[in-house]
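Structure in structure tokens, see below.
Laboratory data are not the source of any read-out in this text; all were calculated from the coordinates shown. All values reported here derive from a predicted model rather than from experimental measurement. Please note: Cβ atoms are built from the backbone with ideal geometry, for glycine as well, and neighbour counts cover all protein chains shown.
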Amino acid sequence: MKDNISSTDLTSIQVALYTINRHAKTALDSSELYYLKRKSLKKLETQNLAEKVCREYSTNPSKGLQSSVVLVKVGTPESEYQFYFHTIAEKGDSQLKHTGKINNDLKNPRIHMRLDAAKTILYNFLGESPQKKRNKKPVYNQNIFVSSYLDGRKR
């Protein structure tokens, strides 16, 4: 059920996911990036190219509540690299082994790719097109009275 993904395609998807994940942590609006990460990991999991390894405690729990994250390994035994990503735990993940603290010994290889190239690769993998963002023009209130005394012009 691998949908004929070659090892070079898998490597480019892995690197694209790594790039998206790295940029999402510091982006001002990271919703699109986390959407790409979540959808890509789900699709890779259905194609048996990714597997959920275990649950761990989150290092940055939201609202002070202790929460669990799931460690996902992307890659096959034959693939060149093994990448690890954390995702939010879902209802069905409760049967996974809970290891406690996050294992800091697992490190992804440092590989660089441009963000727009990573987005293109993942959108093509998902079979989707990117959502176009509309630039919102600021709306100024036209009903504000400005005194001629304050505007500094002589009349």
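Arrange Ile20, Ile121 by Cβ neighbour counts within 10 Å, fewest through most, would you?
Ile121, Ile20
From the cross-link list Lys37/Lys97; Lys73/Lys101; Lys97/Lys119; Lys43/Lys107; Lys25/Lys91, which pairs have alpha carbons spaced over 21 Å apart?
Details: Lys37/Lys97 23 Å; Lys73/Lys101 17 Å; Lys97/Lys119 32 Å; Lys43/Lys107 23 Å; Lys25/Lys91 24 Å.
Over 21 Å Cα-Cα: Lys37/Lys97; Lys97/Lys119; Lys43/Lys107; Lys25/Lys91.
Within the stretch 36-112, which trypsin sites (Lys or Arg not before Pro) sit in a loop by DSSP and count at most 14 neighbouring Cβ atoms inside 10 Å?
Lys97, Lys101, Lys107, Arg110
Return the FRET efficiency for the residue pair Arg114, Lys42: r is the Cβ-Cβ distance, R0 is 22 Å, and the value is rounded to the nearest 0.05.
Computed FRET efficiency for Arg114 and Lys42: 0.35.
Using a Förster radius of 22 Å, what is the FRET efficiency between Ser94 and Ser30 based on their Cβ-Cβ separation? Nearest 0.05, please.
After rounding to 0.05, the efficiency reads 0.25.
Using 1/(1 + (r/R0)^6) with R0 = 30 angstrom and r between the beta carbons of Thr76 and Asn124, what's the FRET efficiency to the nearest 0.05?
Efficiency computed from Cβ-Cβ geometry: 0.90.
Beyond 22 Å, what share of the Cα-Cα pairs of the stretch 7-126 remains, rounded to the nearest whole percent?
Tail of P(r) above 22 Å: 33 percent of Cα pairs.
Also: Take Leu106 and Thr59, extend 7 Å from each Cα along the Cα→Cβ direction, and tell me the distance between the two endpoints in nm.
Rounded to a tenth, the inter-label distance reads 1.3 nm.
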